[in-house]
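**Student:** Below are the structure tokens for one structure; questions will follow.
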Amino acid sequence: MQRNLEQILDTILHSSELLEEEMKQKSNLKNLTARQLYCIELIKNMHNPTLTELAKKMNIAKASISVMIDRLEKNNFLYKASSDHDRRTAHVHLTSEGLKAASLHTDLHKKISELLTAEMTESEKEILIVLLNKSVKSLQKIEKIAH
């Protein structure tokens with residue numbers, strides 16, 4: 001049975017959520033939300049951002065990011081350090097637990113990629129990459145409008 005795009009996306013997203021939950025249950029990250037894991041991954045990729053930079057990247061209010069960061073700090077996933085240049089600004093750094101959480105999220109993405117393309121030839125994978133890059137470009141336009 002051929003599925004339409006909405007059904008395919010629904011299946012991919014649902015399967016990704018199930019896989020993420022399974023991986024979290026097998027680790028010590030059971031209590032992290034998807035949003036918190038995304039935040040941890042961003043901190044790693046942004047190389048110790050400020051709260052303002054992180055809030056902007058996540059497209060949430062600074063007060064909301066402060067609450068999330070405080071919770072993650074309390075659970076030993078990260079810590080804040082004052083900037084060397086401006087004591088009013090704090091940079092967010094991952095602890096070893098935070099780095100493990102970021103790795104779990106990266107591993108999840110890798111596993112989903114492998115599962116999605118398991119039945120594809122190399123040529124089909126290349127075509128999929130081209131098409132998904134076009135889709136991402138469209139989504140990034142929406143992101144820019146939201147800012």
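The values are calculated or read from the model by the stated rules, or taken from the named source; none is laboratory data. Computed from a predicted structure; not experimentally measured. Because the Cβ atoms are built from the backbone with ideal geometry, glycine has one as well, and the counts that use them run over all protein chains shown.
**Student:** Hey, could you check the stretch 1-27 for residues that are farther than 18 Å from residue 111 by Cα and not acidic (Asp, Glu) and say which is modelled with the lowest pLDDT?
**Tutor:** Checking each candidate, the answer is 1.
**Student:** Step by step: first the residues of the stretch 17-27, then only those that are part of a helix (DSSP H, G or I) and of a type in the set (D, E, K, R), then the one that is farthest from the chain's Cα centre (by Cα). Which residue is that? If you could, list the steps in order and put the result at the bottom.
**Tutor:** Taking the stretch 17-27 first, the residues part of a helix (DSSP H, G or I) are 17-25.
Next, from what is left, pick out any that are of a type in the set (D, E, K, R): 17, 20-22, 24.
Working: 17: 12, 20: 11, 21: 14, 22: 17, 24: 14 Å.
Only one residue fits best here, namely 22.
**Student:** So, one more: Tally the residues that are within 18 Å of residue 95 (Cα to Cα), in contact (Cβ under 8 Å) with a residue 40 or more places away in the chain and basic (Lys, Arg), restricting the search to the stretch 25-64.
**Tutor:** Number of matching residues: 1.
**Student:** I would also like to ask the following. Any idea how many residues of the stretch 10-27 are of a type in the set (A, V, I, L, M), surrounded by 12 or more Cβ atoms within 10 Å (Cβ to Cβ) and closer than 20 Å to residue 101 by Cα? I'd like the intermediate steps shown before the answer.
**Tutor:** We begin by selecting, within the stretch 10-27, every residue of a type in the set (A, V, I, L, M); these are 12-13, 18-19, 23.
So of that shortlist, the ones also surrounded by 12 or more Cβ atoms within 10 Å (Cβ to Cβ) come out as 12, 19, 23.
Going one step further and asking which of them are closer than 20 Å to residue 101 by Cα, we end up with 19, 23.
Qualifying residue count, the stretch 10-27: 2.
**Student:** Name the helices (runs of 4 or more DSSP H) wholly within the stretch 28-147 that hold at least 1 residues that are small (Gly, Ala, Ser) and surrounded by fewer than 16 Cβ atoms within 10 Å (Cβ to Cβ)? Walk me through it before giving the result.
**Tutor:** Values: elements: 34-46, 51-58, 62-74, 96-117, 122-146.
Ranges flagged: 34-46, 62-74, 96-117, 122-146.
**Student:** Also: Residue 107: of a type in the set (D, E, K, R) and either modelled with pLDDT under 90 or in contact with a Gly (Cβ under 8 Å, 6 or more places away or on another chain) (or both), yes or no? Break it down into steps so the answer makes sense when it comes.
**Tutor:** Values: of a type in the set (D, E, K, R): yes; either modelled with pLDDT under 90 or in contact with a Gly (Cβ under 8 Å, 6 or more places away or on another chain) (or both): yes.
Yes; evaluated as a whole, the condition is true for this residue.
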